Every structure is written in structure tokens, then in C-alpha cells.
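The structure appears right after this line, and notes come after that.
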Amino acid sequence: MVLSTTYYKRPLGVTLRGLFYIIEGAIAIFCGLLLSTTTQYIETYLNRLPQSYEISTLLQILDGGLSYSLIIWLIVAGSAGIIIGIGVLKGKRWAWKITIIQTFLSIATGLIYFSHTNTFPASKLIGTSFQLIMGIVIICYFFQPHIRAYFNRVPTP
């Protein structure tokens, strides 16, 4: 029995979403590595500035274990983003599911941010609106039949 190889053309939106996951992951890893190498220098620089509430709070974060947690979180989340991006590009079902879950969580986070923060109303409205529109577009796009078919492909014997 010989298995035939079926080639599926990857939709442009899937390619873009996969590349965005990879780029976001690479940026997160870069930020984690940058923070791990520059924490001491930033702390030294901030100690020279006149003390204010913001600077003392930042110094507490950099001095405590929170900076190490943030570094680990950035590297782990960045690695996960790259893995998910590769899964999306390869049309893996698990990557489709993670994309849908992550997008719903992003929409929920945007709504919570909009309703519970005290920032300038116009910037809050613009940021949340953009996040909601992008989330809805991604979900609608990933639920289209030809996109679902790309992620649900099964080799034929």
C-alpha cells in the first residue's frame, strides 16, 4: 500500500498569523534575554536618579525575584509562540485550537482592560476597539470552511 502525498496550499491569512506568532515569540525571547543582561545596569542607573514613587517601585521589581520570574516568563512564552507559529504554518489542528483560545482570551482581556482601568478614555477606546476588531477578524477567518479544511486535512491512502 502506497500513501499518496497531498499538497495543501496554505492560505495567506494563515501564513501571516503563523509569522506573527513567530515574530512575537522572537521579540519576547529577545526582551527576556535583554532584561536578564541589563537588569544590573538599569538598577545602577535608577539608583542615581532622584527618588520618586515610580523609580522606587521599579527598583523593587528589578531587585526582587519578580524580575527573574518576568525573564523566565518572557523566554517560555516566546518559545511557545514560536512553536505555535510553526504549528500554524504547518496546519496542525492543535495550533488552530490554540489560536482560537488565545484570540478569545485576548478579546476578554481587552474587555476587562476597557472596563477596569483609569487611563485616558480615548486611548482606552482606541486600543480596545483595535484589539476587539482584530480578534473578531481572526476568529471569523479561522472558522471559514477552507481554513478549517487546511487544519483538518487527513492523508489519503
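Tabulated data
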item: R0 of 35 Å, Cβ-Cβ distance ARG148-SER115: FRET efficiency to nearest 0.05; result: 0.60
item: Residue order for ARG148, ARG93 - accessible surface, 1.4 angstrom probe, largest first; result: ARG93, ARG148
item: Under 29 Å from LYS9, Cα to Cα: lysines that are on another chain or at least 8 residues apart; result: LYS90, LYS92, LYS97
item: Cβ-Cβ FRET estimate between TRP94 and PHE20, R0 fixed at 22 Å, reported to 0.05; result: 0.80
item: Backbone N within region 76-102 under 11 Å of label point (7 Å from ALA108 Cα along the Cβ vector); result: 101-102
item: Solvent-accessible area of THR44 with every protein chain in place, 1.4 Å probe, in Å² to the nearest 10; result: 60
item: Heavy-atom accessible area ranking, 1.4 Å probe, most first, across HIS116, HIS146; result: HIS116, HIS146
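The values are calculated or read from the model by the stated rules, or taken from the named source; none is laboratory data. Because the structure is a prediction, the values reported are computed rather than measured. For neighbour counting, all protein chains shown are included, and Cβ atoms are generated from backbone atoms with ideal geometry for every residue, glycine included. With ligands, DNA and RNA removed, areas are computed over all heavy atoms of the protein, side chains included. Shrake-Rupley method; radii C 1.70, N 1.55, O 1.52, S 1.80 Å.
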